Amino acid sequence: MRCVALPPPVLRGKVSLEEAVMRRRSIRKYSARPLSIEEISQILWAAYGISDPMEGRHTAPSAGALYPIRIYLVLGEGPLEPGIYKYKPHRHELCLIKRGDPREELYEASLEQEWILDAPAVLVIAADFTVTTSVYGNRGIRYVWMEFGHVSENVYLQAAAMGLGTVAVGAFADEEVKRILGIEEEVGYLMPLGHPL
Ligand SMILES: Cc1cc2nc3c(=O)[nH]c(=O)nc-3n(C[C@H](O)[C@H](O)[C@H](O)COP(=O)(O)O)c2cc1C
């Protein structure tokens, strides 16, 4: 697995939290302009990065601090070769798990929502439900769905603060998306990422 270290996140942005909350919107039109490695790094960190290395805590809350979420990045155009990458929060790095641009296939698997095809990157929020159900039983299923929402809102707000766009896409064929990505975890959201048109 080829891994790339990401630049450290910026902890003081130009937009206040209140402005980011106000500006947050679902964006469905993107320019072809690729994201920079700094922009990718910042979004991944806000999504699910480590905010307390001593305690191993992430930017999003998690029932029992179990952290079942797994983040993947589909890169069509960008600072790294096209492919599917897995985000490693503890090392803040991206590891290539599959070569090639799968956006066309993902677009077809998500009811032909064009924003999946047009954005230079798509963040995939997935989860290993067994991490949480092994402790909380069936209640854990509810907890993991809640956690998808926490991570997604972090992405929305960080994107808004950076002048980037995203949209939480929940309509897609589950098994198709898992097959395209080559992953076993369940997928909660696909979030296209890019510069708004
Ligand atoms: C659970 C959920 C599923 C969604 N699925 C989709 C989707 O498949 N495609 C899409 O374009 N937007 C999707 N959205 C985004 C909503 O359409 C959007 O949040 C809503 O229109 C309000 O607009 P705003 O986010 O700009 O405030 C989804 C949002 C949520 C919370």
Within the range 120-142, can you find the residues that are within 16 Å of ILE71 (Cβ to Cβ), open to solvent by less than 40 Å² (accessible area, probe 1.4 Å) and not in a helix (DSSP H, G or I)? ALA121, VAL122, LEU123, VAL124, ILE125, ALA126, ALA127
So ILE183 clears everything in (1) among the hydrophobic types (A, V, I, L, M, F, W, C); (2) free of Cβ contacts under 8 Å to residues at least 60 places away in the same chain; (3) part of a loop (DSSP other than H, G, I, E, B) except one condition, right? Which one? (2)
Just name the residue that is surrounded by the most Cβ atoms within 10 Å (Cβ to Cβ) out of those in the range 178-197 that are away from the ligand (no atom under 15 Å from the Cβ) and more than 21 Å from LEU117 (Cα to Cα). GLU185
Does the range 40-57 contain any residue that is of a type in the set (Asp, Glu) and closer than 18 Å to ALA5 by Cα? no
Counted residues in the range 143-177 being near the ligand (Cβ under 10 Å from one of its atoms), surrounded by fewer than 19 Cβ atoms within 10 Å (Cβ to Cβ), farther than 17 Å from ARG28 by Cα and touching a residue at least 60 places away in the same chain (Cβ under 8 Å) come to 0
Six or more apart or on different chains, Cβ under 7 Å: which pairs go from a residue in the range 8-31 that's within 22 Å of TYR87 (Cβ to Cβ) and open to solvent by less than 100 Å² (accessible area, probe 1.4 Å) to one that's away from the ligand (no atom under 11 Å from the Cβ) and of a type in the set (Ser, Thr, Tyr)? Could you list them? PRO9/SER41
Closer than 30 Å to TYR136 by Cβ, open to solvent by 30 Å² or more (accessible area, probe 1.4 Å) and part of a loop (DSSP other than H, G, I, E, B), is that true of PRO34? no
Looking for something out of contact with any Ser or Thr (no Cβ under 8 Å at 6 or more places or on another chain), buried (at least 19 other Cβ atoms within 10 Å of the Cβ), farther than 30 Å from TYR143 by Cβ and among the basic types (Lys, Arg) - is there at least one such residue anywhere in the range 97-104? yes
Residue match in the range 53-64 (condition: farther than 14 Å from VAL151 by Cα, of a type in the set (D, E, K, R), buried (at least 18 other Cβ atoms within 10 Å of the Cβ) and modelled with pLDDT of 95 or more): no
What are the residues in the range 34-57 that are of a type in the set (Ser, Thr, Tyr) and either closer than 17 Å to ALA121 by Cα or touching a helix residue (DSSP H, G or I) at 6+ places or on another chain (Cβ under 8 Å) (or both), if any? SER36, SER41, TYR48
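The values are calculated or read from the model by the stated rules, or taken from the named source; none is laboratory data. All figures in this text were calculated on a predicted structure; none of them were measured in a lab. Ideal geometry is used to build each Cβ from the backbone, glycine not excepted, and the neighbour counts take in all protein chains shown. Calculation scope for accessible area: heavy atoms of the full protein, side chains included, ligands and nucleic acids excluded. Shrake-Rupley method; radii C 1.70, N 1.55, O 1.52, S 1.80 Å.
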